[in-house]
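To keep things clear, I will list the structure first and then write my remarks on it.
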Amino acid sequence: MFDYRAAADLLQGRVILVTGAGDGIGRACAISCAAHGASVVLLGRTLSKLEAVYDEIEAAGYPQPAICPLNLETAAEKDYDDLADQLFDTFGKLDGLVHNAALLGPRTMLDNVKNEDWQQLMQVNVNAPFALTKAMMPLLRAAPDASVVFLSSSVGRKGRAYWGPYAVSKFALEGLMQVLADEQDGTSEIRVNSVNPGATRTAMRKAAYPAEEPEKNPEPSEIMPVFLYLLGADSKGVNGQALNARD
Ligand code: NAP
């Protein structure tokens, strides 16, 4: 596991938005950030799941979160701008942005991928993170040392047969990360990095490997050290890096 032990108050006073916060790794990330003192903005497409995470954070006595129901497949530029306005009014800044939500999509030979499936996946996995990041830039600049984290994958770092648009979308996110990181280098205090979580016990992993024993892989809560490291002040100056949640 990534070797980092977060101080209990690591994220005190920070505002962190997590996409796909209702389930899997995003849910664990939101709860872990809140447990370390952050006010988290829970963005996702299924309101009931976001409400369950909200309730869990509130019941634990962590800072009050905010809920943002948004479907990244259909969200338009105005939705992102409206969200930025709301966050500006409520918090005045954004210290962390975790691009976690993603679709797995069809896993088959590229010949067999339907164009509409390709486009749907690129909309959620690539176009939405671009549009959301763009809208959040003024809020990220308003924070003293903001951190943007893109969720990648092993197949986004080395192509593999039958991983289709999912693999290509993760390569695109690595590219988005690198270009954005280079632009911020020396021009702002914003750092931009990617994380490959590795095999993790979630619904997406089960869909990709239905025959696998789920217990073989760690729970999302076990892979949080790298996220806490990147979102807290200990990673100041770390920029443009492709990290792994596990060694
Ligand atoms: P997951 O269990 O499928 O959770 C994905 C989350 O994204 C869910 O909360 C889902 O919302 C949300 N989401 C999907 N489409 C959305 C949309 N159109 N609008 C808003 N939210 C949407 O996946 P996971 O395993 O936690 O994966 C999290 C990230 O890690 C992904 O980027 C994935 O590619 C990456 N990753 C995972 C693994 C692994 O082994 N699990 C390995 C490598 C990389 P609903 O719950 O409402 O559907």
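The values are calculated or read from the model by the stated rules, or taken from the named source; none is laboratory data. The structure presented is a predicted model; accordingly, all values stated were derived computationally and were not measured. When we count neighbours, we look across all protein chains shown, and the Cβ atoms used for this are built from the backbone with ideal geometry, even at glycine. These area figures cover heavy atoms from the full protein model, side chains too; ligands, DNA and RNA do not enter into them. Shrake-Rupley method; radii C 1.70, N 1.55, O 1.52, S 1.80 Å.
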Next item on the list: Among the listed pairs Lys49/Lys158; Lys114/Lys216; Lys170/Lys236; Lys134/Lys216, give every one whose C-alpha distance is greater than 26 Å.
Entry: Lys49/Lys158; Lys114/Lys216; Lys134/Lys216
Notebook entry, point to check: What number, rounded to the nearest 500 deg cm²/dmol, is the helix-based mean residue ellipticity at 222 nm of the chain, given -39500 (n - 2.57) per DSSP H run of at least four residues and division by all its residues?
Noted result: -12000 deg cm²/dmol
Next item on the list: Please give the per residue accessible area of the chain, computed with a probe of 1.4 Å over protein heavy atoms only, in Å².
Entry: 46 Å²
Check: Ignoring ligands, DNA and RNA, what percent of the 1.4 Å accessible area of the chain is carbon and sulfur?
Finding: 49 percent
Margin query: Once you compute Rg and the Kirkwood Rh from C-alpha atoms, what is the Rg to Rh ratio for the stretch 15-230?
Written below: 0.95
Next item on the list: From zero up to wherever the largest Cα-Cα distance of the stretch 77-153 sits, split into 5 Å bins and tell me the percent of pairs in each.
Entry: 3, 14, 21, 20, 15, 10, 8, 5, 3, 1
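For Lys134 and Tyr4, compute 0.36 nm times the residue count separating them, minus their Cα-Cα distance, and round to one decimal in nm.
Numbers: separation 130, 0.36 × 130 = 46.80 nm, distance 2.99 nm.
Taking Lys134 through Tyr4 to full extension adds about 43.8 nm, to one decimal.
Using 0.36 nm per residue of separation minus the Cα-Cα distance, give me the extension gain between Arg157 and Asp55 in nm, one decimal. Don't skip to the end; give the middle numbers.
On the way: separation 102, 0.36 × 102 = 36.72 nm, distance 3.63 nm.
Extending this stretch completely gives an extra 33.1 nm.
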Notebook entry, point to check: With charges set only on the Cβ (+1 for Lys and Arg, -1 for Asp and Glu), what does the dipole of the chain come to about its Cα centre, in debye to the nearest 20?
Noted result: 600 debye
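Give me the number: length gained by fully extending Asp182 to Lys206, i.e. 0.36 nm times residue separation minus the C-alpha to C-alpha distance, one decimal in nm. The partial results should precede the final answer.
Values: separation 24, 0.36 × 24 = 8.64 nm, distance 3.54 nm.
Full-extension gain reported as 5.1 nm.
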Next item on the list: State the dimensionless ratio Rg/Rh of the stretch 196-247 (Rg: radius of gyration of Cα atoms; Rh: Kirkwood radius).
Entry: 1.08
Next item on the list: Consider a paramagnetic label point 7 Å from the Cα of Gln86 along Cα→Cβ; state which residues of the stretch 19-44 have an amide N under 16 Å from it.
Entry: 19-22, 40-44
Margin query: For the ranges 226-238, 172-184, what's the packing order if you count other beta-carbon atoms within 10 Å of each residue, average per peptide, and put the highest first?
Written below: 226-238, 172-184
